[in-house]
Amino acid sequence: MKEQAIDNKELILALEELEKDKGIKKEYLLESIETALLTAYKRNFDALDNVKVVMNPETGATHIYATKEVMEHANDPALEISLEDALKINKEAKIGETVEEEIVPRNFGRIAAQTAKQVIIQKLREAEREVIYKEFNDRKGEIVSGIIQKADKNIVVMDLGRLEGIMPTKEQIPTEKYRVNDKIKGYVMDVERGAKGAPQVIVSRSHPDFVRKLLELEIPEIYEGVIEIKSVSRDAGYRSKVAVYSPDPNIDPVGSCVGQRGVRIQNVINELNGEKIDVIEWNEDPSIYISSALLPAKILAVDIKEDEKFAQVIVPDDQLSLAIGKSGQNARLAAKLTNWKIDIKSETQFREMLEKSQEQNEEE
């Protein structure tokens, strides 16, 4: 059968290169091009829905077919074909059946090429965006690096190479100042489709898991699974608490994370611009765990109410402010870390509370 259009072997080679280099399937691109050519043909030749465009996947040559009903005599050339002409296409054609007649439109190559080119480029962009979207969607929970393109009170925009990273205000560290052209790291929270379909990565530096991932990168034992991070609580820009554990009794999880002279943990602190990090050892005994979580304060006693997940903590009088922390930060982070409600009392406060309780009991 005679092939219409120019032999587009170069186009096929280009599509094969795109599939190889960018992972965009050749079959998908060919379908997109066929759709574009059909749109162009219908628009320029007022064609009906019985028309289809087929591209040769080996040569790129284009065929346009119209599905027509076989009649003794064709009254509507757009939808019907005479039996005499149908037999030239298919020797077994019969009246009442359909055949596909190849159309030879004048100037179709010139008209369609211009229209189709724009649509083809669009489809290529869409396909590439989809590849990038899937790639970064698989990277949720990872750390990425980028160059700051824009920084204001509301948003920080990062250049991540093939797409943008967006860091909203709530995902920024409040103590940090972001400047254009600075290189920074961020935690991939989500991947969204922008207004024009381009994927955007939602990046965070304030998320607790940003600290978790930084520790994984810095401490091989965590990455390898020898040491496990059980929990992270964070007041971004000021302080984080990290609970670590190792099932191997020969490994000191806290010492391994801190490193000799604090080198390992200092690298993470530097990345967070001086944010303090308390590394404590996780323990299945909640009273021991809660005591550790309230470090650096010294703890006298912990009274546990397991059903309520409530802990009454007693500290020496001179340790109360340290245990609670500035604006309640230490107690708040300890509660988040352990997932327990914690009430802290000084030794004197606890004695007064006991005495008052005893007096009430006596009165009753």
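Rule-based calculations on the coordinates, nothing more; no lab input. It should be emphasised that the depicted structure is a prediction, and the values quoted were computed from it without experimental measurement. So basically every Cβ, Gly included, is an ideal-geometry build from the backbone, and we count neighbours across all protein chains shown.
What angle, in degrees between 0 and 90 and rounded to the nearest 10, separates the Cα long axis of helix 9-22 from the longest principal axis of the Cα atoms of the chain? Rounded to the nearest ten degrees, it is 10. Would you mind checking the tilt of helix 347-363 against the longest principal axis of the Cα atoms of the chain, expressed as 0 to 90 degrees and rounded to 10? So the inclination is approximately 80 degrees.
3J(HN,Hα) along the range 38-55, derived from phi through the Karplus expression 6.51 cos²θ - 1.76 cosθ + 1.60 where θ = phi - 60°, amounts to 5, 4, 5, 5, 4, 5, 8, 10, 6, 6, 8, 6, 8, 9, 9, 10, 10, 10 Hz, with x in place of Gly and Pro.
Build a GNM of the chain with springs between Cα atoms under 10 Å apart, and of Met189, Met158, Met71 the one that fluctuates most is Met71.
Pairs of alpha carbons in the range 285-364 separated by more than 17 Å make up 45% of all such pairs. Taking a point 7 Å from the Cα of Asn273 along the Cα-to-Cβ direction, the residues of the range 147-182 with backbone N closer than 11 Å to it are 172-179.
Fully extending the segment from Ser287 to Glu228, taken as 0.36 nm per residue of separation minus the present Cα-Cα distance, adds 19.2 nm. Taking one quarter of the surface of the convex hull spanned by the alpha-carbon atoms of the range 72-200 gives a direction-averaged projected area of 14.1 nm². Pairwise inverse Cα distances across the range 139-204, averaged and inverted, put the Kirkwood hydrodynamic radius at 11.7 Å. Springs join every pair of Cα atoms under 10 Å in this Gaussian network model of the chain, and among Leu295, Leu87, Leu160 the largest mean-square fluctuation is at Leu87.
Over the range 26-118, the fraction of Cα-Cα pairs per 10 Å bin, rounded to whole percents and listed from the shortest bin up, is 16, 43, 29, 12, 0. As an exercise, identify the GluC sites (Glu not before Pro) in the range 171-252 lying in DSSP coil whose Cβ has no more than 11 other Cβ atoms within 10 Å. Qualifying residues, ordered by number: Glu224. The range 264-309 has equivalent-ellipsoid semi-axes of 28, 11, 9 Å, by the square roots of 5 times the alpha carbon gyration tensor eigenvalues, sorted largest first. For the range 224-309, list log₁₀ I(q)/I(0) at each q in 0.15, 0.16, 0.18, 0.19 Å⁻¹, using the Debye formula over Cα point scatterers of equal strength and ignoring solvent, two decimals each. With one equal scatterer per Cα and no solvent, log10 I(q)/I(0) is -0.62, -0.70, -0.86, -0.95.
Provide Tyr223, Tyr187 in ascending order of the number of other Cβ atoms located within 10 Å of each residue's Cβ, fewest first.
Ascending Cβ contact count within 10 Å gives the list Tyr223, Tyr187.
Residue pairs exceeding 22 angstrom between C-alpha atoms, taken from Lys123/Lys150; Lys68/Lys88; Lys336/Lys356: Lys123/Lys150; Lys336/Lys356.
Using the basic label-point model (7 angstrom from Cα toward the beta carbon), what is the Lys356 to Lys326 distance in nanometres? So the label points at Lys356 and Lys326 sit 3.0 nm apart.
Grab the beta carbon distance between Ile155 and Arg125, set R0 = 35 Å, and tell me the FRET efficiency rounded to 0.05.
The value I calculate is 0.90.
Here the simple spin-label model places points 7 Å from the Cα toward Cβ, and for Glu84 and Glu69 these points are separated by 2.1 nm. Considering only Phe108, Gln329, Ile202, the residue lying farthest towards the positive end of the dipole of the chain is Phe108, judged by Cα position with unit charges set on Cβ.
For the range 285-364, the antiparallel share of DSSP beta bridges with both residues in that region comes to about 45%.
Across the range 201-258, Cα-Cα pairs more than 18 Å apart make up 34 percent of the total. Other residues lying with their Cβ under 15 Å from the Cβ of Trp282 contribute a combined charge of -4, Lys and Arg counting +1, Asp and Glu -1.
By how many degrees, 0 to 90 and rounded to 10, does the Cα axis of helix 208-218 deviate from the longest principal axis of the chain? Between helix and principal axis, roughly 90 degrees. When Rg and Dmax are taken over the Cα atoms of the chain, they come to 34.7, 116 Å. Between Glu164 and Val201, the built amide H atoms are under 5 Å apart, and every one of these is 5 or more places off in sequence or on another chain. Antiparallel beta bridges, as assigned by DSSP with both residues in the range 1-148, represent about 80 percent of the total such bridges. DSSP finds beta bridges in the chain, and of those with both partners inside it, around 70 percent are antiparallel. Fully extending the segment from Asn107 to Gln266, taken as 0.36 nm per residue of separation minus the present Cα-Cα distance, adds 50.2 nm.
Using the rule -39500 (n - 2.57) for each DSSP H run of four or more residues, divided by the residues of the chain, the 222 nm mean residue ellipticity is -12000 deg cm²/dmol. Residues in the range 123-130 carry Karplus couplings, in order, of 5, 4, 5, 4, 5, 5, 4, 5 Hz; the curve used is 6.51 cos²θ - 1.76 cosθ + 1.60 with θ = phi - 60°, and Gly or Pro positions show x. Distance between the 7 Å Cα→Cβ label points at Gln118 and Thr169: 4.0 nm. If you take all other residues with their beta carbon under 13 Å from the beta carbon of Gln149, and give Lys and Arg +1 and Asp and Glu -1, the sum is -1.
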